[in-house]
Amino acid sequence: MRRRTLLKWISGCLATLCASVVGIPGVSFVLQALRKSGSDGDRVRRVARLKDLPVGKPVAVPILSAREDAWTVHPDEVLGRVWLVRRKPDAKVGAESIPQIVAFSATCPHLGCAIQHDAKENRFQCPCHRALFGLDGERVAAKTGVQKNPSPRAMDLLDCRLVTDETTQEVWVEVTFQKFEQGLTKKVLKA
Amino acid sequence: MQSFLNWLDARTDYRQLLAPIRMRVLPAGPRWAYSTASCLLWLFIVQLVTGLLLMLSYSPSTTTAWASVHFIEQTAAGHFLRGVHHFTSHALIILCGVHVVRVLLARAFQAPRELLWITGLLMFPLMLVWAISGNPLSGGLSGVSQIEVEGHIIGSTPWVGPLIQRILIGGEEAGHLTLTHLYFLHVGLLPLLVIGLLLFHIGQVIRHGLSVAELGGPQDDVSRWSAPNLTHLIAAHTSPLPPPRLKYYPYQTVRNMTVVTVVLGIISAIAGMHGAPLDAPADPTLPHTPRPEWYFRSLFELRRYFVGDWEFVATIIIPGAVLGFFVLFPMLNRKCSPRVSLIHRALVLLVGVGAWIGLTGMSYLRDWNDAEYLASSAETEALSARARDLADRSLLPPEGAITLLRDDPKTQGPLLFARHCASCHSHADASGQGMVASEPSAPNLHGFGTAAWISGKLDPQRIVSEHYFGKTKFTEGDMVSKIKELFDGIEEAEAAKMRDDLKLVAQALSAEAALPRAAAADHDAQAPIVTGRELLSGRLACTDCHKFRDQGELGSAPDLTAYGSREWLLGMIGNPQHERFYSGDRNDRMPAFAEDTEHPERNLLSPRELNLLVDWLRGDWYEPPTTSIPAQRRNATLAGN
């Protein structure tokens, strides 16, 4: 019976080998979905010319980005929007006047709606749950009513800087666009 | 383990269910030949598993099919699985053939196994249809052309043909619905049909056991083996009867598994090394000569002998008659003595296999001797390699893979040139490779804008050759006489100096073209280029007729500023009679291809086509780096996992 046991053992081994020829790549193929898709790429964007920004009046600019979807790349899709606020007056450093620009993500930290500008009150408000923010991005209380501000934190400040274009010599505002988790009191970068 | 199996058996009786196979005794002992059935079953399961896995990433539509298949090819696992799926389909068809021949030789179709034989035979054409319904799913050139031809063949069948054709193609011509319909066939209907037949087939095998002929028993005794009796079989095994009666498991199983391992090993090796083919994305504007798969070559050859209204004889009647004959063969063979039956079967086999090999061989021989077909097939392969290179470069636009070659100057340039330019201009190198006009009446544009090409135009002999102005009215013009004048009555030493000067001019003019392929050379030759420019507007006085930068006037000869640049060529081809080029009656016969800038649709060339043509003339197209990108990406993915 030794021979019979050996043949059973060989059959089992060969069957396992054959199954794994397809099985192992199969599992690996299914696990592709766990792979981080595409590069998030460079999210630093020149969003507006300085001369186009009025002092004290926020301007919304879209952040365009190529969006990768498996085998397709969608060029120039709106990744998100940013509110630019040029504060008045320009800061003085010696004789030089430096424009003060701040950039806020237009995504509400509460539940992610698009924050809009209320021109009458000159402040930001989220249309979904009436979160209110000043031009400095901090939460403000509504003048009327007892409703609490639903936003857990101030608007999300984004890194921005002024850059001079080498060819046209124009001054541009450059923003590093990031997304943050909603509903948290702390600003946490989205994974 | 044993206790778990006992537990399981107590609840499922699995041992008894498997007993007809496991405990079956093979009186003639285990044989290698028996393993075809087991091997077919294994490969069938491999197809089901790999097919299901590929469905994870495949998307059937004309915009996404090719792109999603290329996406699958980007990972090592996807590349391998698709390769296994592809080559296993071929292996299944070969093994099906071997299996049928083996059953025929063993006379295993005799009563009571007629249904086993018939279901097996019905599965064979279904497997073929299943295999070819998978080919076009990649959205590749050859697969889609194949299904179009197959649609026409079905459509030429009298009465129901056109109806079935429309249902198969999903409309009048190949499109989204063709792919979804084929997908339905490939992953829905055909698997259900084949699995249904297969279960019946296997049920019959268990019911009837091995055939009497295979068992070597008496021919007439069919009942003895018809119902396997477990206790009887076990008793047969345990009783010490000579010769030793071996059970199916493991004595036959180990042979089966060895064959399966070898076959699967060969398939995996081919799949790993070559992978499944991926043609250029289907595009009716690309040149392509469709050919069927090898297993349909015999019918393809047969079609040659039945043309016109008689085509359905080759496509329907003959294959149908052959299948019918085989289905009825057990009845025809029933009454024969073993000897007569053997002669019958040998005859059927010889005629059948002989005809198949003969027709298939003739079809391939015809193609191998057909230079036109070979050229077309090489062109398809080149287009396919090009499409893959372009797709490896970046992800695809939302419009899909068809844009890869449509927006590629290297692909479209020769097609546009052949259609619009090649009746006058050649585009061939010194050895005559490329497009040669049958009656060239204008300059050969191969290498246009390079220093070498311009040097020829500045040579008193070559300018009047047919490669330049020889066949145009400019051969009598000022340019030719001016070049000749430069060399008139001068010593050989001075002529050599003149040739060197003209070489510098050619270099300077080539720098104006700013050809991407010459960028490095132009950058390294700043000094000669500056000297060339000085000669051009200075001592050689080209600017007497030509405008060059701020020297000279327009109107008497083409502008040399940015000569051969993209924008210059767009203007020249668009309208050669513009004052920058050959205004008035100085133009020879060159048509204006894009004269109407207000209404581009009225022009001979659309803006897109004009751009592609100009980019191609200037050699301005993407070339992949010499190291293979897919290999790199694959390795990166492996490392990522």
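What the table shows:
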item	result
10 Å Cβ neighbours from other chains, averaged over peptide B:71-77	4
Accessible area, probe 1.4 Å, largest first, for residues A:Cys13, B:Cys542, A:Cys108	A:Cys13, B:Cys542, A:Cys108
Packing-based ranking, highest mean first, of A:170-182, B:355-367, B:499-511 given that Cβ atoms within 10 Å are counted	B:499-511, A:170-182, B:355-367
Hits among lysines - C-alpha to C-alpha of A:Lys51 under 16 Å, sequence gap 8 or more where chains match	A:Lys88
Sorted peptide list for B:347-353, B:603-609, criterion being average Cβ within 10 angstrom, highest first	B:603-609, B:347-353
Average partner coverage of A:10-23, which counts Cβ from other chains inside 10 Å	6
Rel. contact order, % - alpha carbon contacts under 8 angstrom, at least six apart, segment B:409-617	18
Accessible area, probe 1.4 Å, largest first, for residues B:Leu115, B:Leu104	B:Leu115, B:Leu104
Accessible-area value, A:Asp159, 1.4 Å probe, nucleic acids and ligands omitted, Å²	100
Chain pair A, B: total accessible area buried, heavy atoms, 1.4 Å probe, Å²	2800
Mean Cα-pair separation over length for segment A:122-191, i.e. relative contact order, pairs under 8 Å, 6 or more apart, %	20
Karplus-derived 3J(HN,Hα), 6.51/-1.76/1.60, for each residue of segment A:73-86, Hz, glycine and proline x	10, 9, x, 6, 9, 6, 7, x, 10, 10, 8, 9, 10, 9
Three-way shape call for segment B:499-562 based on the alpha-carbon gyration tensor, with the a/c threshold at 1.5	oblate
Accessible area of B:Lys547 in the full protein assembly, 1.4 Å probe (Å², nearest 10)	60
Directionally averaged projected area (convex hull, Cα atoms, chain A), nm²	20.2
Accessible surface, 1.4 Å probe, highest first, among residues B:Phe4, B:Phe124, B:Phe109	B:Phe4, B:Phe124, B:Phe109
Reach of B:Lys497 by Cα under 20 Å, taken over lysines that are not fewer than 8 positions away in the same chain	B:Lys457, B:Lys482, B:Lys484
Peptide-level mean, for B:51-57, of C-beta atoms on other protein chains within 10 Å	3
Reachable lysines from A:Lys186, criterion Cα separation under 19 angstrom, eight or more residues apart if same chain	A:Lys148
Accessible area of segment A:44-176 divided out per residue, in Å², using a probe of 1.4 angstrom	56
Cα gyration tensor, the protein assembly as shown - rounded (a/c under 1.5), prolate or oblate	oblate
Positive-end residue of B:His546, B:Thr253, A:Cys128, charge dipole of the protein assembly as shown with Cβ unit charges	B:Thr253
Long-range Cα-Cα pairs in chain B (distance over 32 Å), rounded percent	64
Segment B:17-51 versus segment B:298-373: alpha-carbon centroid distance in Å	29
Free-standing Cys residues across chain A, given no other cysteine C-beta under 4.7 angstrom	A:Cys13, A:Cys18, A:Cys160
Solvent-accessible surface (1.4 angstrom probe) belonging to B:Thr119, in square angstrom, nearest 10	10
Top positive-direction residue, dipole computed over the protein assembly as shown with Cβ charges, set B:His578, B:Val340, B:Tyr305	B:Val340
Accessible surface, per residue, of segment B:20-151 when the full set of protein chains is kept, probe 1.4 Å, Å²	31
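The values are calculated or read from the model by the stated rules, or taken from the named source; none is laboratory data. Here the structure is a predicted model, which means the values were calculated and not measured. Neighbour counts are summed over all protein chains in view; Cβ atoms, including those assigned to glycine, are modelled from backbone coordinates with ideal geometry. The area values use the complete protein model at the heavy-atom level, side chains included, leaving out ligands, DNA and RNA. Shrake-Rupley method; radii C 1.70, N 1.55, O 1.52, S 1.80 Å.
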